[in-house]
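The values are calculated or read from the model by the stated rules, or taken from the named source; none is laboratory data. Treat the numbers as computed from the prediction; the structure is a model and nothing was measured. Here the Cβ positions follow ideal geometry from the backbone for every residue, glycine too, while neighbour counts run over all protein chains shown.
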Amino acid sequence: MSVSELICYREHPIDKLPALLEREIPVIMVYGKADDIVPYRENGAVLEKYYTEHGGRLLAIGKEGCGHHPHGLENPQPVIDFILNCV
């Protein structure tokens, strides 16, 4: 796939945000602030901005010094609280 085809492709996950919003699907995003494979400012920030601007419920947690695999949180309470507020 060429760069032009990739840019014009409309089946990326980010292109599916309207469907998530339409169904009122809450989103939890844990990302590594040091991710240089999928940088937050080019990906997660786009999701967060679009979702919040359109009334979606989203929790974004950035992990300091963490790269592309930010598995787990030292304190999962924010995630628990978010889930409980969504039910």
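If only residues of the stretch 1-43 that are assigned to a loop (DSSP other than H, G, I, E, B) and of a type in the set (Asp, Glu) are counted, the one that is surrounded by the fewest Cβ atoms within 10 Å (Cβ to Cβ) is Glu11. If you filter the stretch 1-41 down to residues that are over 14 Å from the mean Cα position of the chain (by Cα) and of a type in the set (Asp, Glu), you find that the one that is farthest from Ile61 (Cα to Cα) is Glu5.
If you go through the stretch 71-87 and keep only what is in contact with a Lys or Arg (Cβ under 9 Å, 6 or more places away or on another chain), assigned to a helix (DSSP H, G or I) and either polar (S, T, N, Q) or over 21 Å from Arg23 (Cβ atoms) (or both), you end up with just Asn85.
Condition first: free of Cβ contacts under 8 Å to residues at least 40 places away in the same chain, closer than 23 Å to Leu73 by Cα and of a type outside the set (A, V, I, L, M, F, W, C). Now tell me which residues in the stretch 21-41 satisfy that. Correct list: Tyr31, Gly32, Lys33, Asp35, Asp36, Pro39, Tyr40, Arg41. Considering only the stretch 44-62, I want to know if a residue exists there that is in contact (Cβ under 8 Å) with a residue 40 or more places away in the chain and part of a strand (DSSP E or B). Checked against the condition, which is being in contact (Cβ under 8 Å) with a residue 40 or more places away in the chain and part of a strand (DSSP E or B), the stretch 44-62 yields no hits at all.
If you go through the stretch 64-87 and pick out every residue that is surrounded by 15 or more Cβ atoms within 10 Å (Cβ to Cβ) and at pLDDT 95 or above, you end up with 1.
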